[in-house]
Amino acid sequence: MENFLFYLFSVLTILGALLLVVNRNAVNGAMFMIISLIGMAALFLLLEAYFLFILQILVYAGAVMVLFLFIVMLIDVEKGPKTRPDGLTIAASIVGLALLLLGIIAVFTTDSATSALPEVTKLPEAASAAGIPFGTSVRGYGYGLFTKYMLPFQVTGFLLLIAMIGVIVVSKKITASGDAEKEGPKKA
Amino acid sequence: MDIVEILLKILFAILVVVVIMTIAAYSVLAERKVASWIQGRVGPNRTALPGLSAIPVLGRFLVRMGMWQPLADGVKFLFKEDPLPGHVKKWYYCLAPVVALVPSLSTVAVLPFGAYWVNGVEYPLVLANVDIGILFILAISSLTVYGIVMAGWAANSKYPYFGSIRSSAQMISYELAMGMSVIPVFMWANGPATGFGDLTLFGVVAAQKDLWLGIWMPLPAFVFLVSLFAETNRLPFDMPESETELVGGFHTEYGSFKFGLFFVGEYAAMAIGSAVFVVLFLGGWNFLPTFGFLPDWVANPWATWGWFGSVVSVLFFIGKTLTFIFLFIWVRWTLPRFRYDQVMNLGWKYLVPLAVASIIIYAIVIALWDTAVTVDHIKPETFGPAPQ
């Protein structure tokens, strides 16, 4: 059953991503992206990472994609222009595909006992001395995040803060004196 | 898991959905009846069922209360001609009502609606008692907006389009305040005295035996309630379908069964939103708060009644939920609709700061309380791994 679900959602994710790239209708593209993201969330669920699953739905499918769809519908791009890819793009995609194939071949031909891959999937030790096990529960996740992985967590938060300030600066049209321009209430 | 267990699960799921749909259908009737009473009218009082309505006093009374009206409405929605306008984008036009209805029905999976007791230990009556209960509800119900956005865009005319654009902006704004307003609840529910260390809704109800959170957390409760009105597109925030300016809003081009799906979806979302509010702030199926000095049986007098006690707890929970549905209707016919920019201002400039302020205030209060009062009574077993 789990195997079947894994293949089902993998196909859903990859197919959604592929159709997103090849579809020329922007709204259809956004819809396929949602399908792809939900497929990804389902894969998290199969790994019993319930918290990541719900964040994937809440943040990407629930908020980010609504904004995407919002913009796509607002600027009304029914069909993108038909452009032929230039030489550089073709060369880059061929190199990328070759690298991907190489990676897949390497994974399937090396002996799994000697390669470094199994190490990646090993669970870390208990996240803390308090004995809260490193697990899929929100409690274990939160404990790990605020003790062992505090630095990456803070750095990520700082990055997001910088991005947010950047957006505010760009969108506010700050004048030479440093004040934001006065704007009346916007009517939608 | 053997086949009987799976079948039972499916049976329970169908039962829950049937109950939710019934509540949604009768909320429509309640809306019309309450609206009429508030406005000094009578409301639907003609629909009769042959046979049943011939019963001397009761039959006549039920007809006057409009008890058969939802049945007639449903039959009408089902058998009316379902035209497909020529100018719509057909695939999305047909998909939208389904996308609007399915998320609100899916959220009941994690909603505890009652309890049963084995040897004095309380267990929730719920389809799936998952660790991430509240996040699941917030996440899945945020997908409802796709139905509205799709409907407005696929209808390919300007008023539905305005409605859907407004709707997505409004939902994103209020989701934030809503998500933040439940943080104090979970800070308390997971404290050292009561906590399971997870986000199940059952844990929240169990933590409210002594004091319902709505009583000493009125600020988060208020923010949550206002956001709930906005999220379910109810007046005074029904921007997507404000009929005086947008005809019918996002469902202007819809008719018969597809419109019926939107309609039921809205009322189902309202019913489930009320249920979530009851779970978070009004003690779920608990009878009365004990305030710390009343005897324990006050919280659940029916804990020792066996299966009948469970039924009573479910009924009590539904009763509380219905009270809130009545509140939704009452507010709709009392407050005028906000202007669109007022809605946006209220969301971002008042509710979000209020929610942040309540997080800070209650974090301090709960920390002080835990260090001063409960820390001496920590039970070591509460630090074990979270129940799955």
Quick check: the angle from helix B:3-38's long axis to the longest principal axis of chain B, C-alpha only, nearest 10 degrees? 60 degrees
Work out, step by step, the length gained on full extension between residue B:356 and residue B:22: first 0.36 nm times the residue separation, then minus their alpha carbon distance; give nm to one decimal. 116.5 nm
Residue-by-residue Karplus 3J(HN,Hα) for the stretch A:52-68, coefficients 6.51, -1.76, 1.60, Hz, glycine and proline x: 5, 4, 6, 5, 4, 5, 5, 7, 7, 5, x, 10, 4, 6, 4, 5, 4
Expressed to two decimals, the stretch B:83-382 has a Cα Rg over Rh, using the Kirkwood radius, of 1.02
Listed with the fewest Cβ neighbours within 10 Å leading, B:138, A:20 appear as A:20, B:138
What order do you get for B:73, B:131 when you list them from fewest to most C-beta neighbours inside 10 Å? B:73, B:131
For chain B, the longest principal axis of the Cα atoms and the Cα long axis of helix B:69-79 enclose an angle in degrees, to the nearest 10, of 60 degrees
To make sure I understand, if each residue's beta carbon is the centre and we count other beta carbons within 10 Å, what order do A:83, B:304, B:321 fall in, fewest to most? A:83, B:304, B:321
Tell me the relative contact order for chain B as a rounded percent, counting alpha carbon contacts under 8 Å between residues six or more apart. 22 percent
Given contacts defined as C-alpha pairs under 8 Å and at least six residues apart, what's the relative contact order of the stretch A:1-78, whole-number percent? 31 percent
Between 0 and 90°, nearest 10: helix B:158-181 axis offset from chain B longest Cα axis: 10 degrees
With Rh as the Kirkwood radius over Cα pairs, the protein assembly as shown has Rg/Rh of 0.98
Within the set B:9/B:80; B:158/B:258; B:90/B:158; A:82/A:173; A:82/A:172, which residue pairs have Cα atoms separated by over 23 Å? B:9/B:80; A:82/A:173; A:82/A:172
What residues have an amide H closer than 5 Å to that of residue B:125, excluding those fewer than 5 places away on the same chain, when H is modeled at 1.01 Å from N in the peptide plane? B:113, B:114, B:115, B:116
For the stretch A:1-78, list log₁₀ I(q)/I(0) at each q in 0.12, 0.21 Å⁻¹, using the Debye formula over Cα point scatterers of equal strength and ignoring solvent, two decimals each. -0.36, -0.89
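Can you show me the helix-derived [θ] at 222 nm for the protein assembly as shown, built from DSSP H runs with n ≥ 4 at -39,500 (n - 2.57) apiece and divided by the number of residues, rounded to the nearest 500.
-19500 deg cm²/dmol
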Distance from the Cα centre of the stretch B:278-297 to that of the stretch B:18-43, in angstrom? 29 Å
Can you give the translational diffusion coefficient of the stretch B:1-145 in µm²/s, computed by Stokes-Einstein from the Kirkwood radius over Cα pairs at 37 °C and 0.692 mPa s? 172 µm²/s
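Each value in this text was obtained by applying a stated rule to the coordinates, not by laboratory testing. Quantities reported herein were computed from a predicted structural model and do not represent experimental measurements. Backbone-built Cβ (ideal geometry, glycine too); neighbour counts: all protein chains shown.
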